[in-house]
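As structure tokens, the structure follows; a few thoughts come after it.
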């Protein structure tokens, strides 16, 4: 593999890490379960959301994780998690902030993931896949570690679709010769806007099982899954 | 690390990915939970089952994932997932198909995983381990993402054992000088047949806790969730 | 990346793997859920706890997993898991042994993880992070695979903190020029002692949500954790 010449600017990467950390801490602070999270638990979720996307991207690309090459990533994610905890303590209604940050973070990690994959020579489809995994991977890790149903798996999310469309637009733009930075900005905007519109207008995909609805209606639900 | 000269033929790899994708979509379509899966959720499970084995194998081997070097893998997994959804809509009783496909997919991913590990110079035991992880890893990811109990962990599965025996036979055959392709075919057949026989005759491993049965008999099942 | 000259002695690594394997099997044997674990399930948890720390460390460092370069790691983890099952059958009260072994295993994996990361040139903060992930990663995998709430996420654990302090002491000592072996021993002792003291004196971190206690007092617990 040739030496990658492309480097996502540190400040851009740290913004994504920091926003992810804040978002994760806000989300975890709002968690109401039988077993509460302690401060450490909230901090871990903040770090998972801040670092997860970059780590998953670099694991899939088989390169040494950028997020572990400098002290700044972890310090930023940890500081952002603390800041998120303070915010959660100050405000009562944070849902809009959490959703908005989340949409932006998905856009950022998706764009960075796809861009890096393209620079490393991956074809278009896997490059988009890496972007989507980077975008939604942190959230999957968060849900699994917190024992919640994985958000992207359930009706009404449009998570992965938003990330996928944004990454596809970015990758197509780059293939067509658009400047890397402009393509990344377009991809981020597309993902963020789709995600926000989906939340605002409560758009969801058709249920797969509407195809054989009668069977479902007869059967009772035998495998309980957690409710959010 | 030397340059690997061994390449699993693309068509063989794509067959495994495609069958995995169909199996995953069928499995996910049959899922009855409180929260239904949408089409995207079913597609994600199809892609996880189609791509998971190869990704886990290549992560453990620390090589760039083969499944991300070409557009074909994701297109095949995605197309297979769609096909699986259609099949699930057409038929009412798919359990036999799901189990049969699953046995074959385990065999394929196990054989490819162990073969690639041996070519990269791993000793026999870890090569078998990589094969088993490739075989069962997709299913573990599926169960975790869907919020189901992990199938290989519970009485009556014989999942990992089937994969382990098949991979061990393959690896031993290769060490004894048998042609790589013949060894792979033998390994696939062994795993698939063991898995199918285990399902048909409902064979399971002895419970570990039969060893101290009395204690269990006295206690009721009181700790659904462990407290540390 | 330059060729790493540092090698954790095989015997030390195998001790960590073996103790992890025993601990995992003891833990899994003690599990009382609706769905019991069979022998294979107990063995898998033993192997996960024995191998998990090293695998996660090497994945994060993007190096070929040491634990897959020799037959000894898996044979040790598997043998230790079997031994753990026998122990669990012989004794009725194993909780103290499980907790003690766990504290030691966290210390060992943390120290090896941080040492290896420093040798590979990682800065201090990510080196500590790799150590903590190696220390607690096996337990997270175990909890996820067993369908349990992830232990490090809940009030009263002080798991990750013990690992973090030990790894930080180790890394700081190495930066100050202390011999690598002495630094590792100090790090192991610090982690193990903190973890044991936390268990003995039931020390825990302040709840993050004590910050807005009133809100919690009003609300009932609305997100049930799934019972399998």
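Data for the structure
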{"quantity": "Most to least packed among A:20-26, B:191-197 [average Cβ atoms within 10 Å]", "calculated": "A:20-26, B:191-197"}
{"quantity": "Centre separation in Å (Cα based) which lies between segment A:164-190 and segment C:118-184", "calculated": "38 Å"}
{"quantity": "Burial order of peptide ranges B:105-111, B:13-19 (average beta-carbon count within 10 Å, highest first)", "calculated": "B:105-111, B:13-19"}
{"quantity": "Rg over Rh [alpha-carbon atoms, Kirkwood Rh] for segment C:10-216", "calculated": "0.99"}
{"quantity": "Test item: B:59-68 mean partner chain Cβ contacts at 10 Å", "calculated": "6"}
{"quantity": "Gap separating the Cα centres of segment B:65-88 and segment A:51-65, nearest whole Å", "calculated": "23 Å"}
{"quantity": "Residue mean of other protein chain beta carbons inside 10 Å, A:47-56", "calculated": "1"}
{"quantity": "Ascending list, in nanometres, of distances separating the residue A:79 label from those of the other copies (7 Å, Cα toward Cβ)", "calculated": "5.0, 5.0"}
{"quantity": "Partner chain coverage, peptide C:72-80 - average Cβ within 10 angstrom", "calculated": "2"}
{"quantity": "Cα→Cβ-extended label distance, 7 Å offset, between residue B:97 and residue C:75, nm", "calculated": "4.6 nm"}
{"quantity": "Contact order normalised by residue count of segment A:10-216, Cα under 8 Å, 6+ apart, percent", "calculated": "21 percent"}
{"quantity": "Segment C:55-112: C-alpha gyration tensor shape, a/c 1.5 cut-off, then a/b vs b/c", "calculated": "oblate"}
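Every number here is computed from the coordinates shown, using simple stated rules; none is lab data. Everything numeric here is computed off the predicted structure, so don't read it as measured data. Here Cβ is always computed from backbone atoms with ideal geometry, including for glycine, and neighbour counts include all displayed protein chains.
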